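Contents: one structure, followed by commentary.
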Amino acid sequence: MATPRMAPCKYRTGKLLGKGTYAIVREAIHIATEDRFACKIINKKLIEGREYLVRNEIAVLKRISSQHTNIVSLRDYFETPNNLYLCFDLCTGGELFDRICSKGSYYESEAAALVRTIFTAIAHIHAANIVHRDLKPENLLFRTEEEDADIMIADFGLSRIIEEGKLDQLTEICGTLGYMSPEVYQGGPQGKPVDVWAMGVVTYFLLAGYTPFEGENSEAEKQAIIKGVFSFTPEEYWVNVSETARDFVRACLTIDPALRPTAEQALQHQWLATPTPYFVQDSASGGPVDLLPQVKKAAFDAKLAWKKAGATVRAVHRMSLGLQIRNEKAAAAAKIEEYKKESEQESEVVQETLQILPSP
């Protein structure tokens, strides 16, 4: 077995950005250039026997990184004896919905512009034969805090490269509750249409402030999704949304994936393709109605179903890195915390460690 090539690490660590279920994310500063990145740190003990899943994420990102301004790129990756490190674009502008709620006003034309931009990036991903499989507002980030900052698709931990015509290779249940398509809940086969369905849910959410599928519990919500049962109600949250926008949502939420529009076809829908924006006219000003008050009201109303989606429960087979833990929950949780602490301790001194260079 060849001896791994070693080199001094090129990064020093910055502040802790977040903690996922099976990874931590820290700011990483390139020592030579001072460029800053978001670094996902994965303890090898957590993925023992499943290292290929992280390799898969790397393979996906290598295929599309640095090719589209609205897709977060993998800038570097390496490992130490204990951890795997993935360095991504650092997005400091916040999540999509938080950004909207912080605005002074918000119009249907802005929602359409955001959806158009995201679908353009999705079309690029699909052209590379990649399925994202976890599109949701939390994975749509702004590059900076500037008003005109690019929106970015992030988190490719569940993404897969698929061969044309071989949809049966994707059949596992994965994603985030409320955004998964009927075919995912039914065990596949799955392909690019799952991303279009998720964007139908995201679009509904952007227009109304809550998600379309409701139920008293996760099983009831699942059945509503499988049957495609949703409506544009309560009417007070939809009275100021155009019928064209509603038609776009209906198209994306087509139950049969074979009849669902592709990303390219979604971009040709009149809501996105027509230069003149669609809107409901404000009787007082004569211009478009500001959607922000009703969106905020819906978004922060505890009685509405979106709040369940905001605290999303991962599907049984879903993990933030597409991984699964075989131990009992209590024992696994204790081990995970132990391993995360190990990762954090090593990452604090990573600039003094040796990195194992990726294979050429």
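The values are calculated or read from the model by the stated rules, or taken from the named source; none is laboratory data. In this text the structure is predicted, and so the values were computed from the model without any measurement. For neighbour counting, all protein chains shown are included, and Cβ atoms are generated from backbone atoms with ideal geometry for every residue, glycine included.
Of note:
- Note on segment 180-199: residues that are assigned to a loop (DSSP other than H, G, I, E, B), over 13 Å from the mean Cα position of the chain (by Cα) and at negative phi total 6.
- Only one of the listed residues (210, 204) is within 25 Å of residue 155 (Cβ to Cβ) and outside any helix (DSSP H, G or I). That residue is 210.
- So residue 261, is it modelled with pLDDT under 95 and surrounded by 15 or more Cβ atoms within 10 Å (Cβ to Cβ): no
- Answer from 291, 253 - the residue that is surrounded by 16 or more Cβ atoms within 10 Å (Cβ to Cβ), farther than 17 Å from residue 230 by Cα and in contact (Cβ under 8 Å) with a residue 24 or more places away in the chain: 291
- Tallying residues that are among the aromatic types (Phe, Trp, Tyr) and either at pLDDT below 95 or part of a helix (DSSP H, G or I) (or both) within segment 89-138 yields 2.
- Listed by first and then second residue, the pairs with beta-carbon distance under 6 Å, at least 6 apart or on different chains, first residue in segment 1-26 and closer than 21 Å to residue 75 by Cβ, second of a type in the set (Gly, Ala, Ser) and modelled with pLDDT under 70, are 13/347; 20/320; 24/343; 26/347.
- Any chance residue 176 is crowded, with 17+ Cβ neighbours inside 10 Å and hydroxyl-bearing (Ser, Thr, Tyr): yes
- Residues in segment 91-113 that are out of contact with any Asp or Glu (no Cβ under 7 Å at 6 or more places or on another chain) and surrounded by 18 or more Cβ atoms within 10 Å (Cβ to Cβ) were compared, and the one that is farthest from residue 35 (Cα to Cα) is 108.
- Remark: residue 231 matches the filter, which requires a residue to be surrounded by fewer than 22 Cβ atoms within 10 Å (Cβ to Cβ), over 23 Å from residue 274 (Cβ atoms), more than 21 Å from the chain's Cα centre (by Cα) and among the polar types (S, T, N, Q).
- If only residues of segment 139-179 that are assigned to a helix (DSSP H, G or I) and either in contact with a Pro (Cβ under 6 Å, 6 or more places away or on another chain) or more than 19 Å from residue 115 (Cβ to Cβ) (or both) are counted, the one that is modelled with the highest pLDDT is 169.
- Residue 53 meets all of the listed conditions (1) in a loop (DSSP other than H, G, I, E, B); (2) surrounded by 14 or more Cβ atoms within 10 Å (Cβ to Cβ); (3) modelled with pLDDT under 90 but one, namely (1).
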